[in-house]
Amino acid sequence: MSLLEVEDLEVYYETEDGPAQAVDGVSFELEEGENLGIVGESGCGKTTLAKSIIGILPDAGYVNGGEIRFKGDDLTDMTGAQRRRLKWEEISMVAQSAMNSLDPVYTIREQIVEAIETHRPGTGRTESTEIVTEMFELVGLDPDRADDYPHQFSGGMRQRAMIAMALALEPSLILADEPTTALDVIMQDQILKRMGKIQDEVNSSMLVITHDVSVVAETCDRVLVMYAGKVAEEGPVEEIFGQPYHPYTIGLKRAFPNIRKPTQDLLSIAGYPPELVDPPTGCRFAERCPMATDRCREEEPEAHQMNGLRSYCHYAEDIDTELRPYADNPETWSQTAAARKAETGNVGGD
Amino acid sequence: MGKASFVVRRTLQLVVTLWAVGTVLFGLFRLMPGDPTSYVVSSQMTQEARRQIIESYGLNEPLYVQYIKFLQNLVVLDFGQSFHSNQPVTQVIATYLPNTLVLMLTAFIAAYTIGITLGVLSGWYRGSRFERSTVITALTARSVPTFYVGLIVLWIFGAELGVIPMSGMTSLGTQNAGFWEMVFSVDFLQHLLAPALVLGFYFMGYPLLIMRSSMLEVLSEDFIDVCRAKGLKERTIMFKHAARNAMLPVVTAAAIALGYAVGGSVLIETVFAWPGIGREMVRAVLRRDFPVAQGTFIVLAATIIILNFVADLAYGYLDPRVTYD
């Protein structure tokens, strides 16, 4: 049994135009002690996915279908009180923009102790002080400063305080949503290294949500690429970033600088993700995919097991032989951009 | 700079403000048309008697001498004697101010307790029918003048139904051993009910609306998500985290509003014939009773200024981010 099994999860948001399908049929598994990265552009549903796992979807959001099994129990089936017991004790998070994730009117210690006392009532003052000291040392903060207010901390320190809080109850699963976006590269590197080390000590699994491929490369074992609410591709980090089997991943990979090919031009995938209120049929990436065929626009792709990867592309099996050289060529992508411009120009002209 | 030096600086500011208010008042009453002595001096008096009376009040002195004496007396809280009753003004204030305070504080505390709570709830349950109806109620409460509501209440419940007393603070002929005995008597509470409710209803809208919009702002902050992820109970998040942060602007507003409440007591005291300081101030002005009018004005102005000062201090206590630089 995996620690976390997400199966065909659908998370929708109510909007005036109808439900927006923010997460649509996402499945994956996470083993104990394993780190899974979730990457994709803004709005692809990665944060929604995380929020639905920890159970803090906003009022307009709801799970429409599918299951989230944590240690075998379906979270979507639980009552509020049952879920509350699992929060932080079993599943904690380092929130997006962790800089503003601490309540400004309470000291860091008060906020960590609050988490401890909520889940372990009867914990004595000495014990909770010990936990705070231990966690502060773990993330490299001076325990004497635990009685400071968040505004007395620098950005990096606040981030580490947030991580200290997330670790305080030694949860089995930590959701890290853009854990380092607000930080400079040096601080980012320090924090990622430290998180890795801490994780080995606590033996927790981590779900790292980011749009920064380098963060995933540094911290994760496996990676799940999301596009417009669906899984595009999933597999071990080396495979996904080495030999991807989905055109979107190929494009995404080429959108980041490669240290081995510093002269390589960075590419941007032309166009925008589709509307999620009334998404197009077929493959959601078809509209922006330079290799798309009529089949892509009509028929939703199934998972193809390739070389340890799971790719949701109709042509995953042909990628190696026919499509990869084509997709690896930056001109392929710029041509689609040009073609699309020409196309929209025509539409406008009519 | 520390908290202590902030308090010192702020206190100096307070003294300067009070001095300015006093000076303006001194000038104001002397610029007003009409002769203050007309009240104490009768036209049938001989010139000599008239001169003596004017001298006894010091009104024959040049203006600057009067001003210096006025300031000297102000420092020792001596506002002179009433032209009307010959009582010391401090005694007049001591008689009427407590009546105002009892009415205002009762209405104020009830209004802010209920208003803040409803504000928290309506911010939390945004988009619900409850939110819509509280906002409409609050806007109505803020928009209808108190004297109008007061008159309607008096008409319906006093004149037509006869369930509340029509005027005053106690029934005629009631003897009370002391102020507090009176305050806790059933008769007084019956008299207090209607004006306190009318005022409370009016006061309630302000904290409610501020609290609601402040809540909406706080609820969109990331730390609220973290609180939910921590598995805290809804009520804990609502009050301990969201409301606690959203309180800050309400505290400032409350302190200032309380000052104005004491000062703005004129209308409601007149409608309900409540023997408070606002009503007394109006009467003093009409009678050209300078000392009483000056004294009551200063007390009301000082209340507003001092409560502002309290608000500044309270803010520093409530929000750790406030520094005293």
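I'd like the FRET efficiency for B:R10 and B:S85, computed as 1/(1 + (r/R0)^6) with the beta carbon distance as r and R0 of 45 Å, rounded to 0.05. Efficiency for this residue pair is about 0.75. The HN-Hα couplings worked out from phi for the range B:234-240 by the Karplus form 6.51 cos²θ - 1.76 cosθ + 1.60 (θ = phi - 60°) are 3, 5, 4, 5, 4, 8, 5 Hz, whole numbers, x standing for Gly and Pro. A crude spin-label estimate for the pair A:E29 and B:F130, with each label 7 Å from Cα along the Cβ direction, gives 4.4 nm.
Rounded to the nearest 20 debye, the dipole size of the protein assembly as shown about its Cα centre is 4080 debye, using +1 on the Cβ of Lys and Arg and -1 on the Cβ of Asp and Glu. Proximity of backbone amide H atoms, modeled 1.01 Å from N, is registered between A:A232 and A:V225, A:M226, A:Y227 at under 5 Å, excluding neighbours fewer than 5 places apart on the same chain.
Electrostatic tally near A:Y149: other residues with Cβ closer than 12 Å to its Cβ, Lys and Arg +1, Asp and Glu -1, net -1. Taking amide H atoms as placed 1.01 Å from N in the peptide plane, the amide H of A:I209 lies under 5 Å from those of A:I38, A:A176, A:D177, A:E178, each 5 or more residues away in sequence or on another chain. The shape of chain B comes out oblate: with a ≥ b ≥ c from the C-alpha gyration tensor, a/c is at least 1.5 while a/b does not beat b/c. With the simple model of a label 7 Å out from the Cα in the direction of the Cβ, A:Q264 to B:T137 spans 6.5 nm.
With a Förster radius of 35 Å applied to the C-beta separation of B:L63 and B:I256, the computed FRET efficiency comes to 0.55. The calculated FRET efficiency for A:D59 paired with B:S171, based on their beta-carbon distance and R0 = 60 Å, is about 0.65.
Under the classification rounded if a/c is under 1.5, otherwise prolate if a/b is larger than b/c and oblate if not, where does the protein assembly as shown fall, given a ≥ b ≥ c as square roots of the Cα gyration tensor eigenvalues? It is prolate, given that a/c is not under 1.5 and a/b is the larger ratio.
Please report the relative contact order for chain B, taking Cα pairs under 8 Å with a sequence separation of at least 6, and give it as a percent rounded to a whole number. Contact order relative to length: 28 percent. For the range B:216-222, backbone phi angles converted through the Karplus equation (6.51, -1.76, 1.60; θ = phi - 60°) give residue-by-residue couplings of 4, 5, 5, 5, 8, 6, 5 Hz, Gly and Pro being listed as x. Exposed loop sites, defined as trypsin sites (Lys or Arg not before Pro) outside DSSP H, G, I, E and B with at most 15 other Cβ atoms within 10 Å, are absent from the longest region of chain A, namely A:72-259.
Axis angle, to the nearest 10 degrees, between helix A:185-202 and the longest C-alpha principal axis of chain A: 70 degrees. Assuming a ≥ b ≥ c are the square roots of the Cα gyration tensor eigenvalues, decide whether the range A:1-109 counts as rounded (a/c under 1.5), prolate (otherwise, with a/b larger than b/c) or oblate. Here the range A:1-109 falls in the rounded category.
For the cross-link pairs A:K71/A:K230; A:K46/B:K233; A:K46/B:K240; A:K193/B:K240; A:K51/A:K253; A:K197/B:K230, the ones whose C-alpha atoms lie over 32 Å apart are A:K193/B:K240. Normalised by the number of residues in the range A:104-167, the average gap of Cα pairs under 8 Å and 6 or more apart makes the relative contact order 45 percent.
Positive-end ranking of B:A107, B:Q91, B:S171 along the dipole of the range B:78-200, with charges on Cβ about the Cα centre, is headed by B:A107. Only Cα pairs under 8 Å and 6+ residues apart enter the sum, and on that basis the relative contact order of chain A stands at 18 percent. Against chain A, whose longest principal axis is taken from its Cα atoms, helix A:125-138 shows a tilt of about 40°.
Coordinate-derived values only; no laboratory data. Predicted model, so just to flag it, every value in this text is computed and none were measured. Reconstructed Cβ throughout: ideal geometry from the backbone, glycine too, with neighbour counts over all protein chains shown.
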